[in-house]
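Worksheet: the structure to be examined is printed underneath.
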């Protein structure tokens with residue numbers, strides 16, 4: 001556990017000196033902020049025509065997870081690919097650290113950075129709570145944010161796994177993007193179109209586990225299990241990928 | 001400290017090393033000498049637990065490199081050929097990170113200590129990306145020394161350094177080698193001669209010779225070589241030298257010097273000097289010639305001495 005923490009800590013610090021992380025954080029907050037402001041304007045202009053009431057936290061979480069699909073590959077691409085490119089993988093693989101500890105540490109570092117970013121976005125629901133009377137639905141907010149955290153953790157785990165396969169950041173970025181798109185949209189799309197197997201495909205789709213429940217204020221054990229399995233899958237695949245590097 | 005038996009490694013269809021067997025004793029500096037692509041790095045990577053061998057076994061500090069890899073890695077300091085550094089970290093942070101990974105108590109003190117050893121104390125807060133090649137090499141070496149490893153494995157530790165830095169790093173290695181086992185690879189024979197107690201010559205994945213540097217040279221050539229230089233035209237010098245008893249293989253070099261050999265123990269240099277002076281030449285220089293690695297390889301492959309040498 002200690003090794004995981006040591007690696008995670010270095011990775012977390014590295015995000016704060018890397019321009020990419022700042023650009024991503026800035027763009028995410030900017031876009032979410034603009035959409036948030038637009039939503040507020042929209043709701044206040046149409047207040048009479050919308051009897052179902054006030055905006056809730058989903059005006060933040062919905063664009064947030066969408067932006068994660070596009071931007072998290074840039075956060076995870078270099079995690080292991082860059083070590084390979086710089087030759088520092090040799091350092092880590094000859095240090096007394098197990099392969100899975102390395103992968104888990106990398107993931108944890110990225111996850112802590114995302115948690116920080118998610119923490120910053122809490123200003124939006126807090127602001128919303130101030131302008132909406134009698135305040136926003138707290139239960140929905142908690143559930144939606146648990147969903148956002150789980151979605152980001154799962155994405156990051158998949159991203160670490162893909163990064164372990166490459167020694168080129170750009171290749172890792174695009175491959176990760178493809179994996180994200182498949183898990184986020186393609187399974188869902190296929191479930192709607194194909195005559196058979198809809199149940200399985202819909203279960204595999206990340207979207208349905210987020211929009212279908214947590215973003216509506218429901219935390220199902222099966223959804224949590226789904227995201228935890230994705231994290232496990234990502235970390236396991238990443239560890240195997242690092243280990244097979246040794247055999248090449 | 002290092003026992004290697006029948007070590008073989010294939011990269012796909014290409015065999016990088018084949019059936020290597022050797023050992024390094026405690027407190028010994030063992031040199032790994034060979035041209036690029038001979039299999040030096042591959043062997044070192046196996047010994048450090050970076051990758052497993054295709055066949056054969058290797059034990060380092062008493063532990064198997066495959067089944068007890070973590071134990072081996074705890075006891076080995078490794079400087080890979082391309083020094084693995086994070087350019088966006090400072091020297092101190094980098095070494096502290098490595099010290100933490102090795103769970104060293106009082107990591108900060110230990111980092112300050114090794115920085116002193118490699119002479120980088122005043123650059124502790126510099127970013128690694130801003131350091132010169134020689135300084136990076138020293139940071140890499142500091143990283144390998146952090147945990148006072150029982151075995152130190154250095155892959156071409158002086159490559160790319162300027163001459164002054166080479167001398168520094170060599171002194172450092174000699175210092176360390178007094179009480180640690182050091183395995184270092186190089187393709188510079190003089191480096192092996194200066195640093196190593198024993199040398200393994202490896203070519204195309206095979207060990208072609210194994211001995212002390214002095215013995216290797218003597219056995220391969222069976223003679224010492226000397227070059228003589230005189231002022232002006234050296235017309236007829238070869239004949240004069242060849243006439244001296246005990247002189248062999250007189251040869252005129254392209255740069256005007258004349259080279260000859262004599263059997264070890266029969267130093268004929270005084271006689272040659274006298275003969276040259278008596279013949280009316282102005283003797284400018286007479287010095288022993290070192291044997292280059294290229295010559296050793298030529299010798300080993302041409303005369304098949306390698307087979308004899310490694311069988312002894």
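Some notes on this structure:
- Remark: pairs (first residue in the stretch B:135-155, assigned by TED's automatic domain parsing to the domain that holds residue B:100 and on the phi > 0 side of the Ramachandran plot; second residue outside any helix (DSSP H, G or I) and surrounded by fewer than 24 Cβ atoms within 10 Å (Cβ to Cβ); Cβ separation under 9 Å; 6+ apart in sequence or on different chains) = B:148/B:180.
- Subset of the stretch B:196-210 that is outside any strand (DSSP E or B) and crowded, with 18+ Cβ neighbours inside 10 Å - its residue that is modelled with the lowest pLDDT: B:205
Here's the yes/no breakdown for (1) under 28 Å from residue B:188 (Cβ atoms); (2) modelled with pLDDT under 85; (3) out of contact with any strand residue (DSSP E or B) (no Cβ under 7 Å at 6 or more places or on another chain):
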position	(1), (2), (3)
B:212	yes, yes, no
B:255	yes, yes, yes
B:285	yes, no, no
B:288	yes, yes, no
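- Every pair of residues 6+ apart whose Cβ atoms lie under 7 Å, when the first sits in the stretch B:111-126 and is under 21 Å from residue B:170 (Cα atoms) while the second is part of a loop (DSSP other than H, G, I, E, B): B:114/B:146; B:115/B:124; B:123/B:131
- Residue list for the stretch A:133-174, restricted to those being without any contact (Cβ under 8 Å) to a residue 60 or more places away in the chain and outside any loop (DSSP other than H, G, I, E, B): A:138, A:142, A:149
Every residue, every condition in (1) away from every other protein chain (no Cβ under 11 Å); (2) outside any helix (DSSP H, G or I); (3) within 16 Å of the chain's Cα centre (by Cα), yes or no:
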| position | (1), (2), (3) |
| --- | --- |
| B:9 | no, yes, no |
| B:32 | yes, yes, yes |
| B:38 | yes, yes, yes |
| B:43 | yes, no, yes |
| B:46 | no, no, no |
| B:53 | no, yes, no |
| B:56 | yes, yes, no |
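- The residue of the stretch B:107-124 that is surrounded by the fewest Cβ atoms within 10 Å (Cβ to Cβ), among those that are assigned to a loop (DSSP other than H, G, I, E, B) and touching a helix residue (DSSP H, G or I) at 6+ places or on another chain (Cβ under 6 Å), is B:124.
- The set of residues from the stretch B:55-106 being buried (at least 19 other Cβ atoms within 10 Å of the Cβ), over 30 Å from residue A:20 (Cα atoms) and without any contact (Cβ under 8 Å) to a residue 40 or more places away in the chain comprises B:63, B:65, B:69, B:72, B:73.
- Qualifying residue in the stretch A:46-65 (condition: surrounded by 22 or more Cβ atoms within 10 Å (Cβ to Cβ), under 27 Å from residue A:2 (Cβ atoms) and away from chain B (no Cβ under 11 Å)): no
- Test: residue B:138 is more than 14 Å from chain A (Cβ to nearest Cβ) and either crowded, with 17+ Cβ neighbours inside 10 Å or more than 23 Å from residue B:184 (Cβ to Cβ) (or both): yes
- Whichever residue in the stretch B:76-132 is in contact with a strand residue (DSSP E or B) (Cβ under 6 Å, 6 or more places away or on another chain) and modelled with pLDDT of 90 or more and, among such residues, is farthest from the other protein chains (Cβ to nearest Cβ): B:125
- No other residue among A:27, A:79, A:92, A:112 is within 14 Å of chain B (Cβ to nearest Cβ) and either under 24 Å from residue A:183 (Cα atoms) or within 15 Å of the chain's Cα centre (by Cα) (or both) apart from A:79.
- Which numbered condition residue B:193 misses (of (1) within 17 Å of residue B:44 (Cα to Cα); (2) assigned to a helix (DSSP H, G or I)): (1)
- Counting residues in the stretch B:244-260 that are loosely packed, with under 13 Cβ neighbours inside 10 Å, in a strand (DSSP E or B) and in contact (Cβ under 8 Å) with a residue 40 or more places away in the chain gives zero.
- Among the residues listed as B:12, B:34, B:49, the single one being buried (at least 18 other Cβ atoms within 10 Å of the Cβ) and either more than 21 Å from residue B:77 (Cβ to Cβ) or not assigned by TED's automatic domain parsing to the domain that holds residue B:75 (or both): B:34
The values are calculated or read from the model by the stated rules, or taken from the named source; none is laboratory data. Being a predicted model, the structure only gives us computed values, none of them experimental. So basically every Cβ, Gly included, is an ideal-geometry build from the backbone, and we count neighbours across all protein chains shown.
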